[in-house]
1. Could you check region 110-126 and list, in sequence order, the residues that are crowded, with 16+ Cβ neighbours inside 10 Å, within 10 Å of the chain's Cα centre (by Cα) and not hydrophobic (A, V, I, L, M, F, W, C)?
2. Check F17 against each of (1) at pLDDT below 95; (2) within 15 Å of V122 (Cα to Cα) and name the one condition it does not meet.
3. Which of the residues that make up region 93-134 are among the polar types (S, T, N, Q) and in contact (Cβ under 8 Å) with a residue 12 or more places away in the chain?
4. Do you know which residues across region 32-65 are in contact (Cβ under 8 Å) with a residue 40 or more places away in the chain and β-branched (V, I, T)?
5. Would you mind telling me which numbered condition in (1) within 23 Å of R12 (Cβ to Cβ); (2) surrounded by fewer than 17 Cβ atoms within 10 Å (Cβ to Cβ); (3) polar (S, T, N, Q) S100 fails?
6. Could you list all residues from region 66-82 that are in a helix (DSSP H, G or I) and in contact (Cβ under 8 Å) with a residue 12 or more places away in the chain?
7. Do you know which residues across region 51-102 are over 21 Å from V114 (Cβ atoms) and among the small types (G, A, S)?
Amino acid sequence: MAGADDLRRYARRLTAFVGIGAFNTIAFFLISTALFQWAGLSATACGYIAYAVLVPVSFFGHRRITFSSNGAIAREWLKFCVIQAVNLAIVGVATAFAESGLIPGWVSFALISVLIPALNFVIFQLWVFSGRAA
């Protein structure tokens, strides 16, 4: 039954996506905290460095585990980086709006922690990791 197979594949992808996201969240916390505590960098610098370190980890995790893609790696990497840049822009705008009082803090938090991952899952599936393993 193709419908049941599609549902299982979708559930597996979603589970893998959440698992890789959880791993990256924990790793982000550990890396940024270590940089802040031991290197004495600003919290902002630590956050950006940790994010940059984890972009390739996230890419390869989602490419191999979540979406099992065998597409052209350079093309998928470029698309992935475009999405990461858009994510950073959304975070910057949402944070600036919250800090200026234009939107409540909870709206900024929801955009960053709910909307971005949900959109990423869809965009990664439809556009970034378009080459599928047989």
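1. Hit for region 110-126 is N120, nothing else.
2. The number of the failed condition is (1).
3. Listed by number, the residues that qualify are T95, S108, N120, Q125, S130.
4. I65, the sole residue that qualifies.
5. (1)
6. Within region 66-82, T66, E76, W77, K79, F80, C81 qualify.
7. Result: A52, S68, S69, G71, A72, A74, S100, G101.
So that you can scan it fast, the table gives a plain yes or no per residue for (1) closer than 20 Å to V18 by Cα; (2) in a helix (DSSP H, G or I); (3) of a type outside the set (G, A, S):
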| residue | (1), (2), (3) |
| --- | --- |
| V91 | yes, yes, yes |
| A98 | no, yes, no |
| A110 | yes, yes, no |
| L115 | yes, yes, yes |
| W127 | yes, yes, yes |
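The values are calculated or read from the model by the stated rules, or taken from the named source; none is laboratory data. Since we're looking at a predicted model, the values are computed, not measured. Note: ideal-geometry Cβ built from the backbone for every residue, glycine included; neighbour counts use all protein chains shown.
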